[in-house]
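Report on the following structure.
Read-outs: derived from the displayed coordinates by stated rules, not from any lab. Since the structure is predicted, the reported quantities are computational estimates derived from the model, not experimental observations. Because the Cβ atoms are built from the backbone with ideal geometry, glycine has one as well, and the counts that use them run over all protein chains shown.
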């Protein structure tokens, strides 16, 4: 068998039609060239509470779960760190300076400047933006001899 791949919308629609025809999970698995446990898992995970299955509903749940998963930012959870970053931004320190000063005073809890940039980009630090609180104020950087702008 192939390594596991997520169900596509077309596969979910095919699964929905086959369920409408009252086919068994094993029969559906053979026709779709999937493992029966994958079919069963898809029906349980993305089916409705009444036991019915809808391809669009299953796809919507899949997309919602994928958006929710992933690593959570420390800046969004650690109040002490967020306050330190806010104080630095109020002084118009760059994220590089903020990260260096934080790492000096808190050697066990290191942070990188890219994390601070990402937090500003994702609006995890409420009331602070790149345009208002960074030295360059969101201006584009140009490379000599190139027409491409880098942010």
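Computed over the Cα atoms of the stretch 9-68, the ratio of the radius of gyration to the Kirkwood radius (Rg/Rh) comes to 0.95.
Over the C-alpha atoms of the stretch 74-135, the Rg to Rh ratio, Rh being the Kirkwood estimate, stands at 0.91. Sorted fewest first by neighbouring Cβ atoms within 10 angstrom, 133, 6 come out as 6, 133. Segment residue 122..residue 13, full-extension length gain: 35.8 nm, with 0.36 nm per residue of separation and the alpha-carbon distance subtracted. To the nearest 0.05, what FRET efficiency results for residue 56 and residue 21 with a Förster distance of 22 Å applied to their C-beta separation? The value I calculate is 0.75. Listing 69, 86 from fewest to most neighbouring C-beta atoms within 10 Å gives 69, 86. Ordered by the count of other Cβ atoms within 10 Å of each Cβ, fewest first, 84, 7 give 84, 7. Taken over the chain, the convex hull of the Cα atoms encloses 218 Å³ per residue. Look at the alpha carbon pairs under 8 Å that are at least 6 residues apart: their mean separation over the length of the chain gives a relative contact order of 15 percent.
Report relative contact order for the stretch 74-135 in percent, whole number only (criteria: Cα-Cα under 8 Å, sequence separation at least 6).
Details: 55 pairs, mean separation 23.9, N = 62.
Computed value for the stretch 74-135: 39 percent relative contact order.
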